[in-house]
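Just below is one structure, and these are the notes that go with it.
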Amino acid sequence: MLALTNNAALVIQSLTNSPELPGSAGLRITAQPEDQQSLSLAVAAEPTAGDAVVEEQGARVFLEESASSMLDEMVLDAEVDAQGSVQFFLGSQAGQAGGQPGGAAPSQNSQSPDGPTA
């Protein structure tokens, strides 16, 4: 199952802890139908039927079925740049050392703290 770093959990909480969103909100990760190697991230009010739910450190992630199998044994990390843009990274749990993912590569999608970007 997907694991979250402390940074990822904090970023996800900042994205989903909004008065406009219910307490059940989380970050939903889906695999792109046209390219099963690409992922899409978006803030969602609740999981969709069939989603796996990962809850760590107060953060919730909803994994669409195809994304869930792709991300098994992976670690999600995140960082916020000086402009406030969020970048998510994936690494292998096997390569994890000191709470940071090993061999992390940038994800295809970014989010701003104000919500998902297109």
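The values are calculated or read from the model by the stated rules, or taken from the named source; none is laboratory data. Just so it is clear, the structure is predicted and the values come from calculations on it, not from any experiment. Glycine also receives a Cβ, built like all others from the backbone with ideal geometry; neighbour counts cover every protein chain displayed. Please note that ligands, DNA and RNA were not included when accessible areas were found on the heavy atoms of the full protein model with its side chains. Shrake-Rupley method; radii C 1.70, N 1.55, O 1.52, S 1.80 Å.
Among the residues making up segment 26-56, those that are without any contact (Cβ under 8 Å) to a residue 40 or more places away in the chain, part of a strand (DSSP E or B) and surrounded by fewer than 17 Cβ atoms within 10 Å (Cβ to Cβ) are Q32, D35, Q36, Q37, V53, E55. Number of residues in segment 1-15 that are under 13 Å from V54 (Cβ atoms) and without any contact (Cβ under 8 Å) to a residue 60 or more places away in the chain: the value is 1.
For (1) modelled with pLDDT of 90 or more; (2) out of contact with any helix residue (DSSP H, G or I) (no Cβ under 9 Å at 6 or more places or on another chain); (3) among the aromatic types (F, W, Y), each residue gets a yes or a no:
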{"position": "Q57", "(1), (2), (3)": "yes, no, no"}
{"position": "E64", "(1), (2), (3)": "yes, yes, no"}
{"position": "A67", "(1), (2), (3)": "yes, yes, no"}
{"position": "G84", "(1), (2), (3)": "no, yes, no"}
{"position": "G98", "(1), (2), (3)": "no, yes, no"}
{"position": "P101", "(1), (2), (3)": "no, yes, no"}
{"position": "S112", "(1), (2), (3)": "no, no, no"}
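Out of all the residues in segment 69-95, which are at negative phi, open to solvent by 30 Å² or more (accessible area, probe 1.4 Å) and not in a strand (DSSP E or B)? Spell out how you get there, then give the answer.
Initially, segment 69-95 is screened for residues at negative phi, giving 69-72, 74-83, 85-95.
From what's left, open to solvent by 30 Å² or more (accessible area, probe 1.4 Å): 69-70, 72, 74, 79-83, 85, 87, 89-90, 92-95.
Correct list: S69, M70, D72, D81, A82, Q83, S85.
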